[in-house]
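Peer 1: My questions will all concern the structure given below.
Please treat every number below as a calculation from the coordinates, not as lab data. Quantities reported herein were computed from a predicted structural model and do not represent experimental measurements. When we count neighbours, we look across all protein chains shown, and the Cβ atoms used for this are built from the backbone with ideal geometry, even at glycine.
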2 protein chains.
Amino acid sequence: MNPELRPRAESASKTRLRLWLRLLKLTGRVESDLRRRMRDEHDTTLPRFDVMAALSRHPEGLKMSELSQSLRVSAGNVTGIVDRLTADGLALRVGVPGDRRAQLARLTPKGRAAFEALAALHEGWIDELLGGLDADEAETMIALLERGTAHMEGSE
Amino acid sequence: MNPELRPRAESASKTRLRLWLRLLKLTGRVESDLRRRMRDEHDTTLPRFDVMAALSRHPEGLKMSELSQSLRVSAGNVTGIVDRLTADGLALRVGVPGDRRAQLARLTPKGRAAFEALAALHEGWIDELLGGLDADEAETMIALLERGTAHMEGSE
DNA sequence: GAAAAGTATTTCAAGATTGAAGCTTCAGGC
DNA sequence: GCCTGAAGCTTCAATCTTGAAATACTTTTC
């Protein structure tokens, strides 16, 4: 444990940079595989899926601003994605009583059905793509990721 | 080890899905922070930085196709990014003797200087953002990420 | 050597993404 | 009531991203 007994080949900062590059490598591969399957097999995209997933957790609907915060993307971006989902009959906007500025985005029954079918497949794809890690390894990694994320939130 | 002795609270597939969501959460936060700093403090973007980093490792230049494979982005995408770097005087294209189809993208001295300055800052930002993990934790995670990535490459 | 097949790059249309600017509406102070 | 500031959303220009089609060149085949 004493650093003098185990001289460092690299600084902590270099190790963290290496960690960052590995994180990018894995998430990039998983994401591009997911994108490809969504597009080729289901004619949709990852951002659309993300929006639908958020709406799916709130059957009563989510304000555009809540959607934007929850997904951590800009408000203008949400407008466009919901526009396209609406054009395809998967989502709709409903007014908020008492606040004529706001809109709730909500899944249509068609949107809900489409999402639920895709979500089941999605879970299977992730299971396959991350299949190199067993449940214990996954739990270890989740714990480390939470430590990492907590640190960022603390300094936000 | 026998599942009957340690009943699972959730399936391996749910655990992996949870892992995936945590991975997205951490990398998303780090990325958006990096993007913001690149834009606000240095008037550039992450994709430009990535291209410059690849070119920086190959002072003699990289073919557009090599750049595309190395960064795992489409060829059309690389064209646009190199176009913009070139317009800013940070990169240039040189012909490949013996193959008039191909082009080498290469950093200009100005581009190299800009990249090196930014790379040093980048390492510091990563060190700060991932500071919630110490060197041992980072190494543990790197090992797990490599297992995960190796599994995907095996099935590619 | 001419035709065919393959390779390197660019162009294009569509979508995703951002931040800034603009519009409408709401909430408080007066 | 009216003004001011804030909030919610959309619009806009710029960049990033993809895959498909177009273009130009090279290599292989016969």
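Peer 1: List, in the order given, every pair from A:Lys14/B:Lys14; A:Lys14/B:Lys63; A:Lys14/B:Lys25; A:Lys25/A:Lys63; A:Lys63/B:Lys14 whose Cα-Cα distance in the structure shown is over 24 Å. Write out the running numbers ahead of the final one.
Peer 2: On the way: A:Lys14/B:Lys14 33 Å; A:Lys14/B:Lys63 28 Å; A:Lys14/B:Lys25 22 Å; A:Lys25/A:Lys63 34 Å; A:Lys63/B:Lys14 28 Å.
In this structure, A:Lys14/B:Lys14; A:Lys14/B:Lys63; A:Lys25/A:Lys63; A:Lys63/B:Lys14 exceed 24 Å between Cα atoms.
Peer 1: Taking a label point 7 Å from Cα toward Cβ, how far is A:Arg93 from its twins in the other copies, in nm, shortest first?
Peer 2: For A:Arg93, the inter-copy label distances come out at 4.1 nm.
Peer 1: Kindly give the distances from B:Lys110 to its copy-mates, label point to label point, with each label point 7 Å from Cα along Cα→Cβ, as nm values to one decimal ordered shortest first.
Peer 2: For B:Lys110, the inter-copy label distances come out at 5.2 nm.
Peer 1: With each pseudo-label sitting 7 Å past Cα toward Cβ, what's the A:Arg39-B:Asp83 distance in nm, one decimal?
Peer 2: Calculated label separation equals 1.8 nm.
Peer 1: Would you mind classifying segment A:114-156 by shape? Square roots of the alpha carbon gyration tensor eigenvalues, ordered a ≥ b ≥ c; an a/c under 1.5 is rounded, otherwise it is prolate if a/b is larger than b/c and oblate if not.
Peer 2: Oblate, since a/c reaches 1.5 and b/c is not below a/b.
Peer 1: Which value results when the Cα radius of gyration for segment B:15-154 is divided by 2.2 N^0.38 Å? The partial results should precede the final answer.
Peer 2: Values: Rg = 17.4 Å, N = 140, 2.2 N^0.38 = 14.4 Å.
Here the answer is 1.21, to two decimals.
Peer 1: Ok, one more. Counting only Cβ atoms, what residue of chain A lies nearest to the axis that sends chain A onto chain B, and how many whole Å off?
Peer 2: Output: A:Thr27, 2.
Peer 1: What number, rounded to the nearest 500 deg cm²/dmol, is the helix-based mean residue ellipticity at 222 nm of chain A, given -39500 (n - 2.57) per DSSP H run of at least four residues and division by all its residues? Let's see the in-between values first.
Peer 2: On the way: 6 runs with 104 residues, N = 156.
Value at 222 nm, helices only: -22500 deg cm²/dmol.
Peer 1: A follow-up question, please. Run the label-point distances for B:Glu60 please: 7 Å along Cα to Cβ, every other copy, nanometres, shortest first.
Peer 2: 6.6
Peer 1: Related question: Just want to confirm a number: the relative contact order over chain A, from Cα pairs under 8 angstrom separated by 6+ residues, in percent. Before the final figure, lay out each step's value.
Peer 2: Values: 103 pairs, mean separation 27.6, N = 156.
It comes to 18 percent, rounded to a whole number.
Peer 1: Here's another thing I want to ask about it. Would you look at the GNM of chain B, springs on alpha carbons closer than 10 Å, and say which of B:Leu121, B:Leu55, B:Leu21 moves the most?
Peer 2: B:Leu21
Peer 1: Please find, in a Gaussian network model of chain A (springs between Cα atoms separated by less than 10 Å), the residue of A:Arg72, A:Arg39, A:Arg106 whose mean-square fluctuation is greatest.
Peer 2: Of the options given, A:Arg72 has the highest mean-square fluctuation.
Peer 1: Hey, with R₀ at 51 Å, roughly what FRET efficiency would A:Leu46 and B:Ala117 work out to, going by the Cβ-Cβ distance, to 0.05?
Peer 2: Between A:Leu46 and B:Ala117 the formula returns 0.90.
Peer 1: Can you tell me the convex hull volume per residue for the protein assembly as shown, based on C-alpha atoms, in Å³ to the nearest whole number? The partial results should precede the final answer.
Peer 2: Working: hull volume 63.5 nm³, N = 312.
With only Cα atoms used, the protein assembly as shown gives 203 Å³ per residue.
Peer 1: Pick from A:Ser74, A:Ser56, A:Ser65: which residue has the top mean-square fluctuation in a GNM of chain A where Cα pairs under 10 Å get a spring?
Peer 2: Top of the fluctuation ranking is A:Ser74.
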